[in-house]
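The values are calculated or read from the model by the stated rules, or taken from the named source; none is laboratory data. It should be emphasised that the depicted structure is a prediction, and the values quoted were computed from it without experimental measurement. In this analysis, Cβ positions are derived from the backbone assuming ideal geometry, glycine residues included, and neighbour counts consider all displayed protein chains. Note: accessible area is taken over every heavy atom of the protein model, side chains too, but ligands, DNA and RNA are not part of it. Shrake-Rupley method; radii C 1.70, N 1.55, O 1.52, S 1.80 Å.
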Amino acid sequence: MSDQPRRSRPTGKPYRRPKKDPVRVLAFEALRAVDERDAYANLVLPPLLRKARESGDFDGRDAALATELVYGTLRRQGTYDAIIAACVDRPLREVDPPVLDVLGLGAHQLLGTRIPTHAAVSASVELARVVLGDGRAKFVNAVLRKVAQHDLDAWVERVAPPYDDDPEDHLAVVHSHPRWVVSALWDSLGGGRAGIEDLLEADNERPEVTLVARPGRATVDELLREEAAMPGRWSPYAVRLTEGGEPGAVEAVREGRAGVQDEGSQLVALALANAPLDGPDGRWLDGCAGPGGKAALLAALAAERGAVLLASEKQPHRAGLVARALDGNPGPYQVIAADGTRPPWRPGSFDRVLMDVPCTGLGALRRRPEARWRRRPEDLEGFAPLQRGLLRTALESVRVGGVVGYATCSPHLAETRAVVADVLKQYPEAELIDARPLLPGVPALGDGPDVQLWPHLHGTDAMYLAVVRRTG
C-alpha cells in the first residue's frame with residue numbers, strides 16, 4: 001500500500017474526478033459547433049446522436065433530452081442571455097463563449113424544462129468541471145444559483161422593458177428574437193400585437209417532421225402506416241410524424257421514394273404545377289434546385305403529365321444532392337450545375353419556371369433557431385441583387401404564356417414584395433396572377449395576388465410565393 005497522500009485541494013478535501021454526463025457533453029459539443037463553425041444544429045446534431053447510439057452511450061430518451069437541450073437553448077438564447085446578464089458582474093461579451101454555452105444549457109434546464117432545480121444546477125456544474133475546469137465551474141455554480149431564484153415568468157418581468165415603453169424590445173426579450181427581426185416580421189404581418197406574438201411563439205415551438213410521398217414512387221397511404229403518422233394539413237402528398245417520429249426509420253424515406261419536406265415547400269411546388277397555362281406544357285425548370293425537395297416533387301408531377309424537369313443548381317455539391325433526390329423519378333429529368341444568373345439555356349425555353357431564391361431564411365426559424373442570431377440586417381443588401389437577378393432570369397427563361405413562381409423562405413418584405421415589384425417594373429410584358437386559388441383549401445392567404453404562409457396560421461415555414469405570367 002502506498003504511503004503517498006491522496007491528491008487534495010488546498011481545503012484539504014480529497015479531489016473528486018468530475019462525472020461525465022454523455023447527454024450534456026454532447027449538447028455542449030453541438031452548441032460549440034454552432035458557435036465556432038457557424039454550423040446548423042439540424043446538420044450537427046444527427047451525426048453526434050448516431051455516434052452516441054452506436055457507442056452504446058445513448059438510448060432514445062437520452063437522444064430526446066440532448067435534442068431538447070440543444071434546440072431549447074438556441075431558441076431561447078436571447079431571453080436566457082438577458083437573464084444571465086442580470087446575474088453576472090461583467091458584460092456578457094467578456095464571458096468566454098464556452099462558459100456562456102454551459103450557462104445557457106443550465107438556464108434552459110432551470111427555466112425551460114421540468115428538471116428539478118438541484119439536478120439542473122449540479123448537472124451543469126459537473127459539465128463545467130468536465131469541459132471548462134474547476135475554476136470556471138465555480139463561476140457557473142454561482143451564476144446558476146442566482147438564476148434558480150426565480151422562474152421564467154418572474155425573470156422576464158424583471159429583464160424585459162415594459163411593452164408600452166418599447167414594444168419591439170419587449171417582444172425581443174420575451175420571445176427571444178433580435179429586435180430587427182421582430183420589427184421586420186411585424187411589418188410583414190401588417191401590425192397588431194396578437195399576430196406578432198403568435199408568430200414569435202410559433203417560432204419557438206418544435207416543428208413536426210413532415211414527409212412528402214413523391215408521386216409515382218410512394219403513396220400517402222403507405223406513409224400513414226408508419227407509427228404516429230397523420231395526414232398533412234394542406235398538401236395531398238404530406239404526412240406528419242408526431243411524437244418525435246424518426247424519418248430515417250421510414251422505409252420509403254431510406255429508399256428515396258419519399259422525403260422530408262415542410263408542407264409550405266410542398267405547396268409552393270404544387271402551386272406552380274397547378275398554375276393555368278396557354279399552350280404546351282412539356283418543359284419545366286427549377287432554377288435554384290438545391291437541396292432537391294421541391295425539384296423531386298416537381299419532377300414527379302411533371303412525369304405524370306409527360307413533361308420533363310430541368311433542375312439547375314449553382315453549387316456542384318448541392319447539385320449532387322438534387323441528383324440524389326431525383327434518382328428513381330418515374331419520368332425523364334436532367335440535373336445540371338449552372339449559375340442561374342448566367343443560364344446556359346436559351347431564353348423562352350420553358351413553360352413553367354420555379355425560382356426559390358437564396359434568402360435570409362427568416363421563415364424557417366423553427367427549424368434553424370440559430371439563424372436568428374447569425375443573420376444581420378445588412379445581409380439583406382447582399383441577397384438583393386441575386387434575388388432580382390434570378391427573377392429576371394426566370395422571366396427571360398419562360399415562354400410567352402408560361403408562368404414563373406418566385407419563392408423565398410423568408411417573409412421579409414425586402415426579399416418578397418419589394419423584389420417582385422422592382423423586377424416587374426422592368427417587364428411590362430409580365431403580370432402577377434392570383435396565387436391563392438392555386439392553394440385550394442388553405443385559409444388566411446391575405447388579399448393576394450401573392451401568398452405568404454405563416455407558422456402560427458398554417459403550421460408551415462413562412463414561405464412566400466408570387467406567380468407571374470409572361471404575356472409578351
statement: Counting only protein heavy atoms with a 1.4 Å probe and every protein chain in place, the carbon and sulfur fraction of the accessible surface of region 247-297 in whole percent equals 53
Excluding exposed DSSP-loop chymotrypsin sites (Phe, Trp or Tyr not before Pro) (at most 14 other C-beta within 10 Å), longest clean stretch of the chain: 164-472
- request: Would you list which lysines come within 22 Å of LYS146, measuring only between C-alpha atoms, while excluding same-chain residues fewer than 8 positions from it?
  value: LYS138
task: Could you work out, for the chain, what percent of all Cα-Cα pairs fall into each 20 Å distance bin, beginning at 0 Å and stopping at the bin that holds the largest distance?
output: 22, 50, 23, 4, 0
- line: The answer for the chain, accessible area per residue at 1.4 Å probe in Å², is 46
Nearest-0.05 FRET efficiency for GLU255 and ARG114, computed from C-beta distance (R0 35 Å): 0.35
field: Whole-angstrom Cα spans of region 94-216 along principal axes, big to small
entry: 55, 50, 28
task: Please work out the Cα center distance from region 68-112 to region 378-433, rounded to the nearest Å.
output: 40
- request: Quickly estimate the mean residue ellipticity at 222 nm for the chain, helices only: each DSSP H run with n ≥ 4 gives -39500 (n - 2.57), and the total goes over all residues, rounded to 500.
  value: -14000 deg cm²/dmol
- prompt: Of all accessible surface on region 299-376 at a 1.4 Å probe, what whole percent is carbon and sulfur?
  reply: 48
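Around ALA213, under 9 Å between beta carbons, what's the net of Lys plus Arg minus Asp minus Glu among the other residues?
Details: positive: ARG214, ARG217, ARG257; negative: ASP221, GLU222.
That sum, taken over residues with Cβ under 9 Å, equals +1.
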message: Can you give me the % of accessible surface on region 49-121 that is carbon or sulfur? Probe 1.4 Å, all protein chains present, nothing else counted.
response: 47
statement: Karplus ³J(HN,Hα) for region 155-163 (6.51 cos²θ - 1.76 cosθ + 1.60, θ = phi - 60°; Hz, whole; x = Gly/Pro) runs 5, 4, 4, 7, 9, 8, x, x, 4
GluC sites (Glu not before Pro) restricted to region 396-472 and DSSP loop, no more than 12 other C-beta within 10 Å: GLU429
- prompt: Which distance in nm do the two modelled labels at ASP57 and LEU224 give, with both placed 7 Å along the Cα-to-Cβ direction?
  reply: 4.2
task: At a Cα cut-off below 29 Å, give the lysines reachable from LYS314, other chains included and same-chain residues fewer than 8 away excluded.
output: LYS294, LYS425
